[in-house]
Amino acid sequence: MTKVALAFDLGGTELRAALVNDAGDLLSFSAVPTRATDGPAAVIDQIEQLATAILTKAPDLSPIGIGIGAPGPLDPEAGVVIAAPTLAGWNEVPLADILSTRFQLPVRLENDANAAALGEWRYGAGRGVRSMVFVTVSTGIGGGVIADGRILHGRRGLAAEIGHMTITGEGERCFCGAIGCFEAVASGTALGRRATACTKCADGSLLRELSAGADITGRHVVEAGRKGDARAIELLNEEALWLGIGFTNLLHLYSPDILVIGGGISHGFDLLSEAIVATVRDRAMPAYRDVPIVPAKLGPHAGLIGAASLILGE
Ligand SMILES: [Zn+2]
């Protein structure tokens, strides 16, 4: 019989839930805006309501457990959210225990970036490999590392904080307070900021036209690049250089069989990949240069599918 898990992806803006089978298919899906500023009790109520809605839609399916991806830092073994920066009041919340008491099911908790890495590894672009690095590039940069067939947690579950490795000594200050973080120079936000800085409101450029005069986002740059806009292509090449530098570090550190890119920027993967690969060829030691760098396959559902796999993979 098909095994099914109830999965949650708890984000600062959206709470998503689904029933997922052991082939990684979403059987029932629902999402609500997270009541992120209302404290843990309000969000846990939302989780309960969403669970009820999902289970009512699929009355024939009974999940064998609950998997949750939530913002870190968190303790996956104890099932405790330690201090979620995007959720007000979430300090030392024993989420797994609370939900397991309410639903009478086993509950597993994982950092959201690690959950997405697990999803891509078990059901997406990293299927079948022993070691994989997953990098998600959107407003920030996050990721997860699968090393020798298991997720790498490190001390207090804090391993693979990919966005905050230092890759340069200059540039804009990162929200973490440091200078030169991978995220501060290579996120979609950084790409948008560079595009905004090199154009002016109503200057007739395609970038400003696409952003309707407002600040330009990474997505606008990709869109303009796709239309052949020279300035956008230049910006994308610079973006690819920074990504290539970060990826070179990750290849040297973790020696994955494959490096998978997800997040909003992966929509522009075809425009970036050649320059990323060129940078890696240029900078990585010879033994690391042939590692495939590929786009993620599961899109926005990687976290949910990975959360389900915490239960289904056992
Ligand atoms: Zn940082």
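Matching residues to (1) touching a residue at least 24 places away in the same chain (Cβ under 8 Å); (2) buried (at least 20 other Cβ atoms within 10 Å of the Cβ):
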{"position": "Ile167", "(1), (2)": "yes, no"}
{"position": "Arg173", "(1), (2)": "no, no"}
{"position": "Ala195", "(1), (2)": "yes, yes"}
{"position": "Ala214", "(1), (2)": "no, no"}
{"position": "Arg219", "(1), (2)": "yes, no"}
{"position": "Gly225", "(1), (2)": "yes, yes"}
{"position": "Ile233", "(1), (2)": "yes, no"}
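Got a sec? Which of Ile66, Ile82 is surrounded by fewer than 21 Cβ atoms within 10 Å (Cβ to Cβ), closer than 22 Å to Leu118 by Cα and not basic (Lys, Arg)?
Ile82
Filter the strands (runs of 3 or more DSSP E) completely within the stretch 81-183 down to those with at least 1 residues that are farther than 22 Å from Phe269 by Cα. Explain how you work it out, then say what you get.
Values: elements: 91-93, 107-111, 132-137, 141-147.
Fully inside the stretch 81-183 and qualifying: 91-93, 107-111, 141-147.
Do we have any residue at all in the stretch 152-172 that's within 16 Å of the ligand (Cβ to nearest atom), in contact with a Pro (Cβ under 7 Å, 6 or more places away or on another chain) and not basic (Lys, Arg)?
Looking for residues that are within 16 Å of the ligand (Cβ to nearest atom), in contact with a Pro (Cβ under 7 Å, 6 or more places away or on another chain) and not basic (Lys, Arg), one finds at least one in the stretch 152-172, hence yes.
Return the residue satisfying two criteria in turn: it lies in the stretch 227-267 and is assigned to a helix (DSSP H, G or I) and at pLDDT below 95, and of such residues it is nearest to Phe134 (Cα to Cα).
Across the stretch 227-267, the extreme among qualifying residues is Ser266.
Among Thr52, Thr34, which is among the polar types (S, T, N, Q) and surrounded by fewer than 14 Cβ atoms within 10 Å (Cβ to Cβ)? Talk me through it step by step, then tell me what you get.
Working: Thr34 fails: surrounded by fewer than 14 Cβ atoms within 10 Å (Cβ to Cβ).
Sole residue among the options that is among the polar types (S, T, N, Q) and surrounded by fewer than 14 Cβ atoms within 10 Å (Cβ to Cβ): Thr52.
Just need a number here: residues in the stretch 124-165 that are surrounded by fewer than 24 Cβ atoms within 10 Å (Cβ to Cβ) and touching a Lys or Arg at 6+ places or on another chain (Cβ under 9 Å).
Qualifying residue count for the region: 5.
The values are calculated or read from the model by the stated rules, or taken from the named source; none is laboratory data. Since the model is a prediction, treat every value here as computed from it, not as a measurement. With ideal geometry, Cβ positions are generated from the backbone for all residues, glycine too; neighbour counts draw on all protein chains shown.
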